[in-house]
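First up is the structure itself, then whatever we jot down about it.
Each value in this text was obtained by applying a stated rule to the coordinates, not by laboratory testing. In this text, all values refer to a predicted model and were calculated from it rather than measured experimentally. No Cβ is skipped: glycine too gets one built from the backbone with ideal geometry, and neighbour counts run over all protein chains shown.
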Amino acid sequence: MSGQTIALVTGANKGIGYEIAVGLGALGWSVGVGARNDELREAAVQKLRAAGADAFGVPIDVTDDASVAAAARLLEERSGRLDVLVNNAAVTGGMAQTPTTADLAAVRTAVDTNVIGVIRVTNALLTLLRRSASPRIVNMSSSVGSLSRQTAPGGETGPISLAYAPSKTFLNAVTVQYAKELHDTNILINAGCPGYCATDLNGFRGVRTPEQGAAIAIRLATLPDDGPTGGFFDDEGVVPW
């Protein structure tokens, strides 16, 4: 097997996911651009390659069992292992999301993508990650999933969001459960908050750039072997649960 670090970033054809791929590619890693849209995925791969990155496309729909299984087979055949998985693909669930008027289908879609999709992808790729000398899993979360911040007096945590915010709280809890199960392995798994970035996910209303948002994922993807696991972090440090 090659000594080059192999990474997969889901939802990497644009926004924060693309910038994560840029950052990991700049380290000399081989980066899988995971995305379900063939045209956008190939365009992202070509752009990364033009910038000197070792990028390759990975067709993947995190909500589809067969698609995720096919992605695992592709990685198995290409490299025989996976060193870093960044679970970045996500949806907002649309607006508005007040509890009394919520579209239950939208809530279900958010959970299926943002939570169950992460579980589906992680479990499908766990065998490949176990073959790595220093495997890392990064789950891209959000500070809106912090119950501490949501309930802090005077705290500004954005609009009421029945689908998106609780899906990130759920994802944080899932991250902790994985860390508990994998505590006696060399796999480090953490949740990262990119901050409020201007992407098409929020209509480009954010105050940070996608590149800035990618920084926490790159840091967690490159943790030393004695680094933390089961934590929730942003650029400033630990985010309260």
Sites Asp54 and Thr151 - FRET efficiency at Förster radius 35 Å, r taken between beta-carbons, to 0.05: 0.20
Kirkwood hydrodynamic radius over Cα pairs of the range 64-202, then Stokes diffusion coefficient at 4 °C and 1.567 mPa s, in µm²/s: 80
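Classify the range 1-116 as rounded, prolate or oblate, taking a ≥ b ≥ c as the square roots of the eigenvalues of its Cα gyration tensor: rounded when a/c is under 1.5, otherwise prolate if a/b is larger than b/c and oblate if not.
Details: a/c = 2.55, a/b = 1.86, b/c = 1.37.
Taking the square roots of the gyration eigenvalues as a ≥ b ≥ c, the range 1-116 is prolate.
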Where Rh is the Kirkwood radius over Cα pairs, Rg/Rh for the chain: 0.95
Label-to-label distance, nm, for residues given as Thr127 and Thr209 (7 Å Cα→Cβ offset): 4.2
DSSP bridge pairs, the chain: antiparallel proportion in percent, nearest 5: 5
For the range 131-182 versus the range 214-237, the gap between their alpha-carbon centres in whole angstrom: 14
Ile119-Gln46 FRET efficiency (beta carbon distance; Förster radius 41 Å; 0.05 resolution): 0.85
Theoretical gain in end-to-end length, Asp235 to His183 [0.36 nm per residue, Cα-Cα removed]: 16.3 nm
Net lengthening on full extension, Thr98/Ala173 (0.36 nm per residue, minus Cα-Cα): 24.8 nm
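Among all stretches of the chain without exposed GluC sites (Glu not before Pro) (DSSP loop, at most 10 other Cβ atoms within 10 Å), which one is longest? Mind dumping the intermediate values first?
Working: sites that count: Glu156, Glu236.
Within the chain, the longest run free of exposed GluC sites (Glu not before Pro) spans 1-155.
For the range 6-238, what's the relative contact order in percent, using C-alpha pairs closer than 8 Å and at least 6 residues apart?
Computed over the range 6-238, the figure is 19 percent.
Can you compute the helix-only [θ] at 222 nm over the chain? Use -39500 (n - 2.57) per DSSP H run of at least 4 residues, normalise by all residues, nearest 500 deg cm²/dmol. Please report the intermediate quantities before stating the final value.
Numbers: 8 runs with 95 residues, N = 241.
Mean residue ellipticity, 222 nm, calculated: -12000 deg cm²/dmol.
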